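Let me begin by presenting the structure, written as structure tokens, before commenting on it.
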Amino acid sequence: MTDWQDVEVAPPSPKRINDPKHWRDRAEEARAKGELMNDAQARQTMFQVAEEYERLGKQAEEVLGEIARWRSHANSVRAKARRMINPLSAQAMQQAAKDFEFLADYAELPRRLAL
């Protein structure tokens with residue numbers, strides 16, 4: 001009998017936090033392990049774990065979409081700022097563009113730390 005308290009479990013690498021495929025692969029693995037379990041409670045728990053991994057995959061996909069959206073907003077606002085006549089308006093728009101870039105960079109931070 002295995003003493004499960006002694007089993008080493010590695011957390012996901014920061015590079016994979018925003019990787020939908022990673023979480024969906026983990027969900028598939030959890031479901032496959034659940035199928036092999038004879039204990040009904042353990043089996044049900046593994047299926048719940050798989051659902052949580054699927055949820056993480058969906059969230060990661062949404063984060064990637066947000067990153068792309070923020071970068072697009074930054075580029076659009078920056079382009080509009082270049083056409084502004086009023087320097088204060090242009091400056092405010094450049095700040096908004098920087099803020100959108102910051103949001104995108106911050107969301108990508110886990111991946112950058114893993115490099």
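Points to keep in mind about this one:
- Whole-number percent relative contact order across the range 13-108, with pairs defined as alpha carbons under 8 Å at least 6 apart: 27
- FRET efficiency, 1/(1 + (r/R0)^6) with R0 25 Å, evaluated for ARG31 and ALA68 via beta carbons: 0.25
- Directionally averaged shadow of the range 68-113, computed from the convex hull of its alpha-carbon atoms, nm²: 3.0
- A full extension of the chain between SER76 and LEU88 corresponds to an added length of 2.6 nm, given 0.36 nm per residue minus the alpha carbon distance.
- Chain lengthening between LYS58 and ALA107 when straightened (0.36 nm per residue, less Cα-Cα): 16.1 nm
- Helix-only [θ]222 nm of the chain, DSSP H runs n ≥ 4, -39500 (n - 2.57) each, per residue, nearest 500: -27000 deg cm²/dmol
- This ranking places TYR106, TYR53 by how few other beta-carbon atoms lie within 10 Å of each, fewest first, which gives TYR106, TYR53.
- Over all distinct Cα-Cα pairs of the chain, the Kirkwood formula returns a hydrodynamic radius of 17.2 Å.
All of the numbers you see were taken from the coordinates with simple rules; none came from a lab. All values reported here derive from a predicted model rather than from experimental measurement. Backbone-built Cβ (ideal geometry, glycine too); neighbour counts: all protein chains shown.
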